[in-house]
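S.K.: Structure incoming, see below.
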Amino acid sequence: MKGLIAKKVGMTQVFDENGNLTPVTVIQVEPNTVVATKTKEAHGYDAVVLGIEDLKESKVNKAYKGQFPENVSPKRHLKEFRDFEKEVAVGDQIGLELFEKTAFLDVTATSKGKGFQGVMKRWGFHGGRASHGSKFHREAGGTGNCTTPGHSMKNIKMAGRMGSERVTVQNLKIVKIDPELKVLLVRGAVPGNKNCTLIIKSAVKK
């Protein structure tokens, strides 16, 4: 598996040779530093720990700083990737070249928070008639039992906090790779706000 830590820049659109318009998400990929490697002999599995965005050593406590080798400065974001396909060593820099022969990506991020929402927005309920006198426009309807046990059962779809969840969007097609700007253009929408941290991996189902 291939994977990197990246940042969501925003959305735009590009035209292909035939003039067809494609909406794309711009993902910025700064070089990821190899912070540590794990092996089956020592840890029971093979993995690579990558990090981005340097931190001032004065703002890092000893416990956090202790996991970084001498030649690697402390990083703000860390991510462990198991069964990494590329042979790497601690201190190496990995960039966009990792996905040169990859066509599809899986992107993981924390989705936008939408606050407290009703059942129509949160779960897609149709609601009642919008006409005058219906008295049932956007309500959830019955949620409990009229007799024993007399309360709402588990997993009833109700109003509540929506969004701000860990989401993975699969099989996003790579439209273009720009090594100079250090960006990936992928077809479709990517979860999260602008400038949020993403985990991009080679697609599992492709």
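The values are calculated or read from the model by the stated rules, or taken from the named source; none is laboratory data. It should be emphasised that the depicted structure is a prediction, and the values quoted were computed from it without experimental measurement. A quick note on method: Cβ atoms are made from the backbone with ideal geometry, for glycine too, and the neighbour counts reach across all protein chains shown. Side chains included, ligands, DNA and RNA excluded: accessible areas come from the protein's heavy atoms. Shrake-Rupley method; radii C 1.70, N 1.55, O 1.52, S 1.80 Å.
S.K.: Provide the per residue accessible area, probe 1.4 Å, for the range 74-132, rounded to a whole number of square angstrom.
M.R.: 63 Å²
S.K.: Now a separate question. At q = 0.11, 0.15, 0.17 Å⁻¹, what is the base-10 log of I(q)/I(0) for the range 32-148 according to the Debye formula with one equal point scatterer per Cα and no solvent? Please give it to two decimals.
M.R.: Cα-only, vacuum Debye calculation for the range 32-148: -0.63, -0.81, -0.96.
S.K.: How large are Rg and Dmax for the range 150-205 when calculated on the C-alpha trace, in angstrom?
M.R.: 17.5, 64
S.K.: Give the whole-number value, in cubic angstrom per residue, of the convex hull volume spanned by the C-alpha atoms of the range 63-126.
M.R.: That works out to 188 Å³ per residue.
S.K.: How about the range 44-143: which GluC sites (Glu not before Pro) there are in a DSSP loop, with at most 13 other Cβ atoms within 10 Å of their Cβ?
M.R.: Glu70, Glu85, Glu87, Glu100
S.K.: Which one of Phe99, Leu50, Gly127 is farthest out on the positive end of the charge dipole of the chain, using unit charges on Cβ (Lys, Arg +1; Asp, Glu -1) and the Cα centre as origin?
M.R.: Gly127
S.K.: Given the range 20-88 reduced to its alpha-carbon atoms as identical point scatterers, what log10 I(q)/I(0) does the Debye formula return at q = 0.15 Å⁻¹?
M.R.: -0.60
S.K.: Further question on the same structure: Rounded to two decimals, what is the ratio between the C-alpha radius of gyration of the range 90-189 and 2.2 N^0.38 Å?
M.R.: Scaled against compact globular proteins, the figure is 1.79.
S.K.: A further question follows. Provide the per-residue ³J(HN,Hα) series for the range 45-50, in order, calculated from phi with Karplus coefficients 6.51, -1.76, 1.60 and θ = phi - 60°, each as a whole number of Hz, with x at glycine and proline positions.
M.R.: Karplus-based 3J(HN,Hα) across the range 45-50 equals 7, 9, 7, 10, 9, 10 Hz.
S.K.: Sticking with this one: In the range 25-67, what trypsin sites (Lys or Arg not before Pro) fall in a loop by DSSP, with at most 14 other Cβ atoms inside 10 Å?
M.R.: Lys56
S.K.: What pairs from Lys176/Lys205; Lys135/Lys194; Lys7/Lys154; Lys59/Lys206; Lys65/Lys194; Lys157/Lys194 go past 32 Å between their alpha carbons?
M.R.: Listed pairs above 32 Å: Lys135/Lys194; Lys7/Lys154; Lys59/Lys206.
S.K.: What are the trypsin sites (Lys or Arg not before Pro) within the range 74-167 that DSSP puts in a loop, where the Cβ has at most 16 other Cβ atoms within 10 Å? Each step should come with its number before you reach the end.
M.R.: On the way: sites: Lys75, Arg76, Lys79, Arg82, Lys86, Lys101, Lys112, Lys114, Lys121, Arg122, Arg129, Lys135, Arg138, Lys154, Lys157, Arg161, Arg166; in loops: Lys86, Lys101, Lys112, Arg129, Lys135, Arg138, Lys154, Lys157.
Passing both the DSSP loop test and the Cβ count: Lys86, Lys101, Lys112, Arg129, Lys135, Arg138, Lys154, Lys157.
S.K.: What is the dipole size for the chain, taken about its Cα centre, with +1 at each Lys and Arg Cβ and -1 at each Asp and Glu Cβ, in debye to the nearest 20? Working shown, then result.
M.R.: Details: 34 positive and 21 negative charges, 275 e Å.
That gives a dipole near 1320 debye.
S.K.: Calculate for the chain the 222 nm mean residue ellipticity that helices alone would give, adding -39,500 (n - 2.57) per DSSP H run of length 4 or more and normalising by residue count, nearest 500 deg cm²/dmol. Can you show the working numbers first?
M.R.: Numbers: 3 runs with 13 residues, N = 206.
Calculated mean residue ellipticity at 222 nm is -1000 deg cm²/dmol.
S.K.: Another question about this same structure. Tell me, which longest segment in the chain has none of the chymotrypsin sites (Phe, Trp or Tyr not before Pro) that fall in DSSP loops with at most 14 further Cβ atoms within 10 Å?
M.R.: 46-135
S.K.: Still on this structure: Where the eigenvalues come from the Cα gyration tensor of the chain, what are the semi-axes √(5λ) of the equivalent ellipsoid, largest first, in whole Å?
M.R.: Calculated on Cα positions only, the semi-axes equal 42, 25, 16 Å.
S.K.: Ignoring ligands, DNA and RNA, what percent of the accessible area of the chain is carbon or sulfur (1.4 Å)? Intermediate values should be presented prior to the final figure.
M.R.: Values: 6570 of 13470 Å².
The C+S portion of the solvent-accessible surface of the chain is 49 percent.
S.K.: As I understand it, the dipole of the chain uses +1 on the Cβ of Lys and Arg and -1 on the Cβ of Asp and Glu, about the Cα centre. Which of Phe136, Thr39, Phe84 lies farthest toward its positive end?
M.R.: Phe136
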